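Worksheet for the structure shown next.
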Amino acid sequence: MSFAFLLVALVTSVNPCRLRLVLPERRAAVALGALIALGSGAAVAAVGDAFLDALDITPETFRLASAVVLALEGARALVLARPTREPELGGLGAALVPVAFPLLLTPGVVMLALTAGGDDIVGWALAALGVAYALVLLSTFIPRSTRADALLAAGGRLLGGAEIAAGVALAVDSLHDV
Amino acid sequence: MRRLLLYAAVLALGALALRVMVVPAEVCPALTPAAARGAIAEAFGWLERGMRPGGLYTYGYDRKHDAVSEDYNITRHAGVMFGLYQLAGETGDDEVLAAAEHGLSFVHANLLRKDDWTAFAEPGEDARLGASGLLAIALIQRRLATGDESEDDLIRGLGQFLAAQQQADGSVLGRWSLATESRVPGEYAKFGTGQALWTFALLDKLFPGEGWEKPARRLAHYVATRRDDVEGYVLTFPDHWSAYALAELGPGKLGEPEVAYARELAGILGLNSRLESQSGQGGLNRVFRGEPASGAGLGTVSEGLAALWRLSVADPRLADLTDNLSARLRCTAGRAVERQIDPVEAESAPRPLLARGAWFTEDGYTQMDHQRHPLSGLLATLEVLEAESTR
């Protein structure tokens with residue numbers, strides 16, 4: 001798995017366009033949530049190898065599971081471009097719920113972090129995840145309006161399609177790997 | 001909070017579904033050289049006990065109905081001889097050699113001789129590529145094991161038959177018709193192509209300068225670049241014979257297309273190994289992964305992986321595959337050893353001596369290639385284990 005692929009897969013899984021439609025308007029909570037999610041992602045990636053060992057799964061096979069998750073997640077983004085708003089904890093607690101979980105720590109992010117751990121490319125995964133979350137932060141500077149929301153929804157759909165393609169590419173990779 | 005819990009529950013269920021349907025555990029029993037040698041000896045015992053008059057071997061046995069198969073297949077006959085000569089070459093054991101030589105009388109009674117070539121075919125039957133290719137391979141193993149040159153003319157004649165089946169694009173046709181006295185256009189042999197390729201490669205090594213390199217290179221290029229499309233395989237065909245051939249040709253005779261093909265072949269054999277290691281004889285694994293591979297399936301994957309492991313060690317362009325090839329090989333070979341019927345298990349069969357040392361399918365059937373392929377696969381695995389212990 002190359003860094004470029006990880007970047008595309010993680011950005012499409014996080015889907016900043018789609019997320020912007022439901023992120024809390026408090027930027028500090030989003031920033032803190034991104035840090036929490038990045039730390040959690042790092043922890044997941046760090047135990048990826050041990051996790052796959054415990055499950056008796058080779059990294060090559062686990063890639064197939066990640067591919068399935070990416071494809072399903074992408075399909076959801078494609079079909080449901082406007083997600084429903086999640087309940088929020090009060091104050092900075094919103095950084096934890098809903099920003100870190102469930103918005104930023106998507107199933108795809110968790111699967112890709114585990115995959116990267118199994119492939120010993122934790123550093124790449126963290127760098128790519130950092131870029132993805134930075135894009136989410138940047139998206140909070142987009143002012144909400146009817147027109148902006150429509151464009152974000154379209155962008156979310158586009159990223160959903162790209163996530164499906166990333167899933168297919170990962171599945172093919174898994175089928176070709178020894 | 002309720003919504004969050006619902007979301008977490010959906011994720012947990014999704015993870016469970018993934019575990020059961022997509023990534024069940026890959027079960028790889030530990031493999032020791034002693035266990036592999038024991039399994040080889042038991043498989044040999046099954047083949048040796050099956051020696052029948054006329055140079056034949058027992059073809060198959062249905063344990064459920066206690067019925068010995070009356071079928072026969074000359075390609076598999078040649079395969080048994082190949083495995084036995086391989087084992088004789090490795091062990092120097094006269095008993096093994098005698099069991100291999102037993103098959104020669106059947107061979108000599110079933111040759112179709114033409115002016116330019118000789119094929120291995122039963123009287124009145126068309127000549128098929130695979131039977132002649134595999135017989136040539138077996139006889140070359142015999143030559144290597146014994147140094148006896150008495151079958152050299154036959155080896156060359158079989159090679160000439162394969163060469164006569166080769167087309168301008170390098171491909172080889174699968175059948176020669178007795179009725180029309182000509183090649184059958186558009187008909188290819190599933191395994192015969194790889195067997196022909198390995199035969200050419202072996203002939204080039206055994207008889208250098210006799211012109212075998214050219215058909216070998218042409219066929220290797222065809223297999224690497226066009227075979228899957230022409231012969232109708234969606235994914236790379238998991239052809240262990242081609243793996244043997246690539247390892248035999250070695251880095252010096254493989255161009256970039258052939259190396260790329262070796263990589264693809266390693267991938268598909270690795271995938272087969274991983275999928276097989278997830279299969280089980282019951283429960284959900286049986287539902288989602290189907291029937292575990294037969295002895296022949298386990299053996300062919302092992303043979304292919306071991307051959308590509310040898311190539312990956314010799315060719316730096318494939319060196320990144322060595323560790324994974326070794327891991328998959330150990331897993332598949334370990335599963336083969338585990339699934340062989342041991343003497344105690346055999347006692348419960350109607351005829352214990354037809355069950356002992358065999359690999360049965362789920363419906364209780366075994367045939368000669370279900371023993372022959374694991375024998376060759378485990379022999380090749382032993383070679384890898386020994387090489388790794390000194391690396």
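The values are calculated or read from the model by the stated rules, or taken from the named source; none is laboratory data. The shown structure was predicted, so the numbers you read here are calculated from the model rather than taken from an experiment. Note that each Cβ is placed from the backbone with ideal geometry, even for glycine, and that neighbours are counted across all protein chains shown. These area figures cover heavy atoms from the full protein model, side chains too; ligands, DNA and RNA do not enter into them. Shrake-Rupley method; radii C 1.70, N 1.55, O 1.52, S 1.80 Å.
Out of the residues in the range B:161-178 that are touching a residue at least 12 places away in the same chain (Cβ under 8 Å) and surrounded by fewer than 18 Cβ atoms within 10 Å (Cβ to Cβ), state the one that is nearest to B:Thr118 (Cα to Cα).
So, considering only residues that are touching a residue at least 12 places away in the same chain (Cβ under 8 Å) and surrounded by fewer than 18 Cβ atoms within 10 Å (Cβ to Cβ), the one nearest to B:Thr118 (Cα to Cα) is B:Ala164.
For a quick check of your reading of the model, give me the residue pairs whose first member lies in the range B:360-386 and is of a type in the set (Val, Ile, Thr), whose second is open to solvent by less than 20 Å² (accessible area, probe 1.4 Å) and in a strand (DSSP E or B), with beta-carbon atoms closer than 7 Å and at least 6 apart or on different chains.
Close Cβ pairs satisfying both conditions: B:Thr366/B:Gly60; B:Thr366/B:Tyr61.
I need the full set of residues from the range A:91-133 which are of a type in the set (Ser, Thr, Tyr) and either surrounded by fewer than 19 Cβ atoms within 10 Å (Cβ to Cβ) or under 11 Å from the mean Cα position of the chain (by Cα) (or both), in order please. Lay out the reasoning, then the answer.
Step one: list which residues in the range A:91-133 are of a type in the set (Ser, Thr, Tyr), which gives A:106, A:115, A:133.
Correct list: A:Thr106, A:Tyr133.
So which of A:Thr115, A:Thr146 is of a type in the set (S, T, N, Q) and over 25 Å from B:Ala8 (Cα atoms)?
A:Thr146
From the list A:Leu72, A:Leu10, pick out the single residue that is within 15 Å of the chain's Cα centre (by Cα), buried (at least 20 other Cβ atoms within 10 Å of the Cβ) and either closer than 14 Å to A:Leu114 by Cα or among the hydrophobic types (A, V, I, L, M, F, W, C) (or both).
Answer to the selection: A:Leu10.
Do you know which residues across the range A:122-173 are in contact (Cβ under 8 Å) with a residue 40 or more places away in the chain, more than 23 Å from A:Ala42 (Cα to Cα) and among the hydroxyl-bearing types (Ser, Thr, Tyr)?
If the condition is that a residue be in contact (Cβ under 8 Å) with a residue 40 or more places away in the chain, more than 23 Å from A:Ala42 (Cα to Cα) and among the hydroxyl-bearing types (Ser, Thr, Tyr), then A:Thr140 is the only one that fits.
Of all residues in the range A:1-57 being out of contact with any helix residue (DSSP H, G or I) (no Cβ under 6 Å at 6 or more places or on another chain) and among the basic types (Lys, Arg), which is modelled with the lowest pLDDT?
Going through the qualifying residues, I end up with A:Arg26.
Would you mind stating whether B:Ala327 is open to solvent by 30 Å² or more (accessible area, probe 1.4 Å), within 12 Å of chain A (Cβ to nearest Cβ), assigned to a helix (DSSP H, G or I) and small (Gly, Ala, Ser)? Break it down stepwise before answering.
On the way: open to solvent by 30 Å² or more (accessible area, probe 1.4 Å): yes; within 12 Å of chain A (Cβ to nearest Cβ): yes; assigned to a helix (DSSP H, G or I): yes; small (Gly, Ala, Ser): yes.
Considered against the rule, which asks whether it is open to solvent by 30 Å² or more (accessible area, probe 1.4 Å), within 12 Å of chain A (Cβ to nearest Cβ), assigned to a helix (DSSP H, G or I) and small (Gly, Ala, Ser), B:Ala327 comes out as yes.
Which residues, counting only those in the range B:89-121, are among the hydrophobic types (A, V, I, L, M, F, W, C), open to solvent by 10 Å² or more (accessible area, probe 1.4 Å) and over 23 Å from B:Ala196 (Cα atoms)?
To start, the set of residues in the range B:89-121 that are among the hydrophobic types (A, V, I, L, M, F, W, C) comprises B:96-100, B:104, B:106-107, B:109, B:111-112, B:117, B:119-121.
Next, only the ones that are open to solvent by 10 Å² or more (accessible area, probe 1.4 Å) stay: B:97-98, B:104, B:106, B:109, B:111-112, B:117.
Correct list: B:Leu97, B:Ala98.
Go through the residues of the range B:249-271 one by one and say whether even a single one is within 17 Å of B:Tyr188 (Cα to Cα) and either at pLDDT 95 or above or small (Gly, Ala, Ser) (or both).
no
If you take the residues in the range A:53-77 that are assigned to a helix (DSSP H, G or I) and polar (S, T, N, Q), which one is nearest to the other protein chains (Cβ to nearest Cβ)?
Only one residue fits best here, namely A:Thr61.
In the range A:134-176, which residues are within 14 Å of chain B (Cβ to nearest Cβ) and open to solvent by 40 Å² or more (accessible area, probe 1.4 Å)?
Of all residues in the range A:134-176, those within 14 Å of chain B (Cβ to nearest Cβ) come to A:167, A:170-176.
Scanning the range A:134-176 gives A:Val172, A:Asp173, A:Leu175, A:His176.
Please go through the range B:9-57 and give me each residue that is hydrophobic (A, V, I, L, M, F, W, C), open to solvent by 30 Å² or more (accessible area, probe 1.4 Å), away from chain A (no Cβ under 14 Å) and not in a helix (DSSP H, G or I), ordered by number.
Restricting attention to the range B:9-57, the residues satisfying the condition of being hydrophobic (A, V, I, L, M, F, W, C) are B:9-13, B:15-18, B:20-23, B:25, B:27-28, B:30-31, B:34-36, B:39-41, B:43-44, B:46-47, B:51, B:56.
Add one more test, that the residue is open to solvent by 30 Å² or more (accessible area, probe 1.4 Å), and what stays is B:9-13, B:15-17, B:20-21, B:27-28, B:30, B:34-35, B:41, B:51, B:56.
Applying the additional criterion that residues be away from chain A (no Cβ under 14 Å) yields B:34-35, B:41, B:51, B:56.
The answer is B:Met51, B:Leu56.
Inspect the range B:1-8 for any residue being open to solvent by less than 50 Å² (accessible area, probe 1.4 Å) and within 14 Å of another protein chain (Cβ to nearest Cβ) and give the result as yes or no.
From the range B:1-8, those open to solvent by less than 50 Å² (accessible area, probe 1.4 Å) are B:4, B:8; that's our starting set.
With within 14 Å of another protein chain (Cβ to nearest Cβ) added as a condition, the list becomes B:4, B:8.
Among the residues of the range B:1-8, at least one is open to solvent by less than 50 Å² (accessible area, probe 1.4 Å) and within 14 Å of another protein chain (Cβ to nearest Cβ), which makes the answer yes.
Would you pick out the residues in the range A:78-102 that are within 11 Å of chain B (Cβ to nearest Cβ), of a type outside the set (Asp, Glu) and touching a residue at least 40 places away in the same chain (Cβ under 8 Å)?
Residues satisfying the conditions are A:Thr84, A:Arg85, A:Leu96, A:Pro98, A:Phe101.
Can you name every residue in the range B:259-293 that is away from chain A (no Cβ under 11 Å), within 26 Å of B:Ala243 (Cα to Cα), in contact (Cβ under 8 Å) with a residue 40 or more places away in the chain and polar (S, T, N, Q)?
Once the filter is applied, which keeps residues that are away from chain A (no Cβ under 11 Å), within 26 Å of B:Ala243 (Cα to Cα), in contact (Cβ under 8 Å) with a residue 40 or more places away in the chain and polar (S, T, N, Q), the range B:259-293 yields nothing.
If B:Ser348 satisfies all but one of (1) more than 13 Å from chain A (Cβ to nearest Cβ); (2) in a helix (DSSP H, G or I), what's the number of the condition it fails?
So B:Ser348 meets the others, but not (2).
Here are some conditions: (1) in a loop (DSSP other than H, G, I, E, B); (2) crowded, with 19+ Cβ neighbours inside 10 Å. B:Gly124 meets all but one. Which one does it not meet?
The number of the failed condition is (2).
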